[in-house]
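Input: a single structure, listed below in structure tokens.
Bear in mind that the values in this text are calculations on the coordinates, not laboratory data. Bear in mind the structure is a predicted one, so any value in this text is a computation, not a measurement. Here the Cβ positions follow ideal geometry from the backbone for every residue, glycine too, while neighbour counts run over all protein chains shown.
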Amino acid sequence: MIRFEDVTKAYKGDVVALRELSLEILKGEFVFLVGPSGSGKSTFLKLLLRDEVATEGKVLVAGRDIGRLGSWKVPQLRRNIGCVFQDFKLLTNKTVYENVAFALEVIGRPKHIVRTQVPQILDLVGLTKKADNFPTELSGGEQQRVSIARAFVNRPLILLADEPTGNLDPATTVGIMRLLDRINRTGTTVVMATHDQRIVDAMRRRVVELDHGSLVRDQVRGVYGVGS
Amino acid sequence: MSRLAYFVRETLISLRRNLLMTIAGIITVAISLFLFGGILLVSATVDHGTQQWKHGIELEIFMKVGATHTEVQTIENALKTDPQVKSYKYLSQLDAYNIFKKDFSDQPALVESTKPSDLPESFRVAPTKAELTQPLADAYQHRPSVDTVITAAKQIKSLLTATRWIRLVFISMATVLLASSLFLIVNTIRLATFARRREIEVMKLVGASNWFVRVPFMAEGLVQGAIGAGFAFGLVWILKIVITNLLGHHSQNLFSTFRVTSSDALGIGLIVLVIGALIGVVGSIVGLRRFLEA
Ligand SMILES: Nc1ncnc2c1ncn2[C@@H]1O[C@H](COP(=O)(O)OP(=O)(O)OP(=O)(O)O)[C@@H](O)[C@H]1O
Ligand SMILES: [Mg+2]
């Protein structure tokens with residue numbers, strides 16, 4: 001599903017964010033991306049979204065080298081990849097329902113699809129009752145659920161999460177992780193960058209550790225730190 | 001259909017959000033295009049009145065309407081052998097009718113009721129020297145078969161040079177104003193994209209196509225350009241009416257009338273609309289470029 005082949009990413013000013021990284025992630029896997037701040041986790045996810053392009057090497061998604069995708073094909077790629085962020089990126093002038101519906105409307109999905117899909121996904125994330133609330137009227141955990149609903153409403157093959165629980169307390173975090181786990185069980189590949197030792201240790205999923213842009217560990221049922 | 005509704009809604013929201021900038025953009029487009037259209041209209045008026053005074057032609061000899069073939073021939077022979085005549089051009093009754101039809105295209109009833117045979121034949125004459133115009137005119141005026149001789153008056157000559165300069169000045173002014181209206185539209189679109197940067201970010205994130213993101217902004221630019229041009233069109237039309245009224249009372253000879261027709265105004269109005277729409281779209285494309293890259 002996802003394949004990195006000797007990928008190096010250098011930003012302007014000689015910052016090497018990823019160094020000769022090779023890695024394969026299979027369909028339906030759940031992968032934690034860990035490593036100290038600045039180790040290249042977000043860069044890894046940005047390459048997958050084609051937000052950045054690899055300086056060297058290839059990034060393949062579903063067999064396609066996405067570094068060579070024409071800019072008009074990038075939207076198609078992104079329709080197959082949902083993503084959530086630490087800061088949710090919700091639109092404050094739209095309700096929960098509208099935020100989720102927006103993701104379908106702007107890719108031209110017909111009204112009847114929107115009308116059936118949005119309530120379904122709100123039910124999945126447990127926010128049916130809050131459909132008409134605005135993001136500012138929600139707790140952080142609820143906001144992250146909305147953002148997950150928006151990322152998943154189009155049923156993407158891959159879900160990327162960049163520190164989705166970074167702003168949440170431990171109890172809320174557990175709820176979000178359960179949700180991501182459920183989404184993963186539907187066959188969606190999930191890649192999540194995180195600093196949260198507890199959840200990595202608790203979930204016992206594949207752990208990929210980066211340090212200064214290099215792959216230093218790839219463990220099938222790993223924990224956050226080797227020694228811990 | 002729902003997509004169209006989406007674009008309309010988004011465009012209106014954005015226009016309202018930047019109301020002041022939008023109005024400024026519309027006004028500059030309107031003023032610059034009015035200047036531009038106005039000078040084209042004045043030029044058209046002058047062209048109608050001076051059409052026959054080009055290529056060194058200084059006088060036109062009109063035969064009497066009933067002049068016989070031999071009478072016309074006699075004048076032609078005289079012109080041919082006249083050492084003061086550099087060249088001349090014969091216009092038949094049909095030629096006269098065609099010119100008449102063009103000049104009076106907005107008075108179909110008049111054209112309808114006029115036949116080629118109602119109109120005089122004529123000769124357009126270029127003398128060897130401009131100073132010979134008056135003596136030549138006097139000489140031919142006295143011939144019995146000649147109805148009248150008209151000359152390009154000095155005023156017309158100077159009018160021709162004057163309009164050339166006025167045209168230049170106005171067109172440069174219009175160009176400067178058009179450039180500033182373009183700049184204003186570019187800025188309005190930049191502000192609009194900035195105001196909606198979060199929405200654009202989300203749209204790109206979930207895979208909205210580039211066009212889907214752009215269309216509302218382009219429509220916004222287009223609307224500004226088109227509304228401005230619409231005002232300019234209206235102003236050009238008013239100017240046309242003013243010119244017509246000013247000239248209407250002292251129209252001279254049938255063939256030296258300064259006039260401006262509805263089709264002139266319409267044609268110029270269309271040019272103005274197209275330029276306005278173009279400016280709007282180009283402005284928004286430039287305004288969008290930086291923000292929507294990648
Ligand atoms: N747009 C950019 N331009 C230049 N340098 C960048 C850019 N984005 C990231 N970097 C640099 O690349 C390196 C990796 O950054 P990245 O954001 O991938 O790290 P990270 O692992 O996500 O860190 P964190 O855990 O703090 O989020 C850092 O040194 C960072 O300063
Ligand atoms: Mg990061």
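Summary table below
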read-out	value
Degrees between helix B:69-81 axis and first principal axis of chain B (Cα, 0 to 90, nearest 10)	80 degrees
Cross-link reach list, aspartates and glutamates versus B:Lys101, counting only Cα pairs under 20 Å and skipping chain neighbours closer than eight places	B:Asp47, B:Glu60, B:Glu112, B:Asp118, B:Glu121, B:Asp264
Restraint check, A:Lys46/A:Lys129; A:Lys41/A:Lys73; B:Lys102/B:Lys129, Cα-Cα greater than 26 Å	A:Lys46/A:Lys129; B:Lys102/B:Lys129
Between 0 and 90°, nearest 10: helix A:96-105 axis offset from chain A longest Cα axis	70 degrees
Between 0 and 90°, nearest 10: helix A:140-152 axis offset from chain A longest Cα axis	80 degrees
Two-decimal ratio, segment A:1-113, of alpha-carbon radius of gyration to 2.2 N^0.38 Å	1.21
Coarse-grained scattering of segment B:58-151 at q = 0.19, 0.20 Å⁻¹, given as base-10 log I(q)/I(0) from a Debye sum over alpha-carbon atoms	-0.87, -0.93
Over chain B: helical MRE at 222 nm, DSSP H runs n ≥ 4 each giving -39500 (n - 2.57), nearest 500	-24500 deg cm²/dmol
Translational D in µm²/s for chain A (Stokes-Einstein at 4 °C, 1.567 mPa s, Kirkwood Rh from C-alpha pairs)	72 µm²/s
Candidates per trypsin sites (Lys or Arg not before Pro) in segment B:97-169, loop by DSSP, up to 14 other Cβ within 10 Å	B:Lys129
Cα radius of gyration and Dmax for segment A:1-59 (Å)	11.2, 37
Helical mean residue ellipticity (222 nm; -39500 (n - 2.57) per DSSP H run of 4+; nearest 500) of chain A	-10000 deg cm²/dmol
Cα gyration tensor, the protein assembly as shown - rounded (a/c under 1.5), prolate or oblate	prolate
Rg over Rh, two decimals, chain B (C-alpha only, Kirkwood Rh)	1.21
Footprinting exposure proxy for B:Thr22, A:Thr8 (fewest neighbouring C-beta atoms within 10 Å first)	A:Thr8, B:Thr22
